[in-house]
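Enquirer: If you scroll down you'll find the structure; I have some questions about it.
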Amino acid sequence: MRILIDIGHPGHLHLFKHLAHRFIREGSEVLFTAREKEFELELIRAEGFKYKSFGKHYKSLYGKIWGLLKFDIQMFLTGLRFKPDLFISHGSIYAAHAAFLLGKKHLSLEDSGNMEQIVLYRPFTDIILTPKVLPEELGPKQIRYEGYHEIAYLHPDYFTPDPRAYGWLGLNKGEKYAIVRLVSWNATHDAGHKGLSNEDKVKVVRKLSEHMRVFITSERELSSELKPFQIRIAPEKLHHALSFASIVVSEGATIASEAGVLGTPSIYINTIERSYCKDQEKYGLVFNTSDSAKVFALIDEILGQDRELFHQRREELLASKVNVTNFLYDFIVNRYINNNTAAEFSAAK
């Protein structure tokens with residue numbers, strides 16, 4: 001097959017990378033497309049994939065409107081040249097539109113339930129795969145599975161933590177450290193929502209610094225008080241750093257969930273609730289709050305527990321979920337070759 005995979009976030013590359021490698025090993029041709037938002041291109045290059053960049057991601061409202069037209073055209077022209085049999089994405093409006101215009105299939109994965117985006121791609125998409133925990137009902141195209149996106153690339157079948165992470169961070173092996181993740185608040189789904197104030201960010205870093213080294217990864221420029229804590233590590237090595245951290249504090253749901261899947265306790269601070277983070281709270285891995293005052297009590301609670309306890313909780317979580325990459329591969333092969341409808345595939349499973 002010829003497969004075009006569109007990504008709009010670094011996490012999307014991770015979501016699809018093992019699937020893409022498997023198809024490539026078996027003789028398929030895979031092309032990635034991306035907008036330059038954070039470090040998507042660095043991750044694509046690190047994996048050795050063929051790719052097409054559509055340029056810078058737009059942050060303003062007017063920029064997003066212009067980008068919808070511009071990126072739609074670029075995706076359509078790329079599709080004309082590459083001639084994919086199948087488009088795959090994490091809810092990409094551009095991939096959906098191009099697939100429809102080119103008479104090709106578009107398979108979307110969705111775990112956020114951002115309806116302002118879903119309404120723009122759903123009419124042009126064949127099937128939408130979602131975790132069972134996603135509360136949104138997306139109609140007859142939706143198929144649910146038992147898992148989260150983060151399991152696709154952090155399942156032990158595909159990921160082994162590298163202890164060299166300590167050296168990459170300039171630490172001695174076994175030295176305790178925390179990772180703090182701050183987001184830009186420029187996404188369409190961020191409108192009207194918030195995480196930590198700058199004052200609270202400084203307080204959190206100071207509190208964590210009483211116990212361990214602190215590293216910040218941020219989508220936006222940091223204040224002068226926080227700049228010295230900015231992480232200095234290649235983006236493709238971040239998951240190794242998350243794995244050995246004592247605690248992760250994150251405004252972003254993806255990194256909070258990644259930490260949980262790795263068995264690292266995390267605090268997700270955001271007024272946007274994410275079902276997969278709430279589900280991990282049942283396992284005692286991700287702690288969800290929009291109350292900045294509660295964060296400090298949670299830090300004390302987490303650091304007061306044995307780190308090994310969280311590894312045990314991770315094993316319980318993985319035992320209850322599917323290997324998502326393997327599920328996706330089996331689904332795509334059966335869906336594409338047999339040309340089943342969503343309802344037929346569900347019945348077959």
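Enquirer: Say we look at segment 278-289 and pick out the residues that are among the hydrophobic types (A, V, I, L, M, F, W, C) and under 11 Å from VAL261 (Cβ atoms); which of these is surrounded by the fewest Cβ atoms within 10 Å (Cβ to Cβ)?
Expert: By that ranking, first place goes to LEU285.
Enquirer: Taking only segment 65-113 into account, find how many residues are over 24 Å from the mean Cα position of the chain (by Cα), surrounded by 18 or more Cβ atoms within 10 Å (Cβ to Cβ) and among the charged types (D, E, K, R).
Expert: Within segment 65-113, residues that are over 24 Å from the mean Cα position of the chain (by Cα), surrounded by 18 or more Cβ atoms within 10 Å (Cβ to Cβ) and among the charged types (D, E, K, R) number 1.
Enquirer: Sticking with this one: Considering segment 257-290 alone, what residues qualify as being in contact with a helix residue (DSSP H, G or I) (Cβ under 6 Å, 6 or more places away or on another chain) and small (Gly, Ala, Ser)?
Expert: Of everything in segment 257-290, those that are in contact with a helix residue (DSSP H, G or I) (Cβ under 6 Å, 6 or more places away or on another chain) and small (Gly, Ala, Ser) turn out to be SER257, ALA259, GLY260, GLY263, SER266, GLY284.
Enquirer: If you don't mind, another one. Taking segment 157-184 on its own, how many of its residues are surrounded by 17 or more Cβ atoms within 10 Å (Cβ to Cβ) and closer than 19 Å to ARG206 by Cβ?
Expert: 6
Enquirer: Scan segment 137-157 residue by residue and report those that are of a type in the set (Phe, Trp, Tyr) and under 14 Å from SER243 (Cα atoms).
Expert: Of segment 137-157, the ones of a type in the set (Phe, Trp, Tyr) are 145, 148, 153.
Hit for segment 137-157 is TYR153, nothing else.
Here's the yes/no breakdown for (1) closer than 30 Å to HIS57 by Cα; (2) at pLDDT below 95:
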| position | (1), (2) |
| --- | --- |
| PRO156 | no, no |
| PRO161 | no, no |
| LEU171 | no, no |
| ALA178 | yes, no |
| ALA191 | yes, yes |
| LEU196 | yes, yes |
| ARG213 | no, no |
| LEU226 | yes, yes |
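Enquirer: Within segment 85-127, which residues are among the aliphatic types (A, V, I, L, M) and in a helix (DSSP H, G or I)?
Expert: ILE93, ALA95, ALA96, ALA98, ALA99, LEU101, LEU102, MET115, ILE118, VAL119, LEU120
Enquirer: Another question, then. Within segment 4-13, can you find the residues that are in contact with an Asp or Glu (Cβ under 8 Å, 6 or more places away or on another chain) and under 16 Å from GLY48 (Cβ atoms)?
Expert: Matches in segment 4-13: ILE7, LEU13.
Enquirer: Name every residue in segment 93-144 that is within 24 Å of THR33 (Cβ to Cβ) and among the acidic types (Asp, Glu), in order of residue number.
Expert: GLU110, ASP111, GLU116, ASP126
Enquirer: For segment 29-39, state whether one or more residues are more than 19 Å from ALA96 (Cα to Cα), at pLDDT 90 or above and of a type in the set (Phe, Trp, Tyr).
Expert: Looking through segment 29-39, none of the residues is more than 19 Å from ALA96 (Cα to Cα), at pLDDT 90 or above and of a type in the set (Phe, Trp, Tyr).
The values are calculated or read from the model by the stated rules, or taken from the named source; none is laboratory data. Note that the structure is a prediction, hence the values are computed from the model and not measured. Ideal geometry is used to build each Cβ from the backbone, glycine not excepted, and the neighbour counts take in all protein chains shown.
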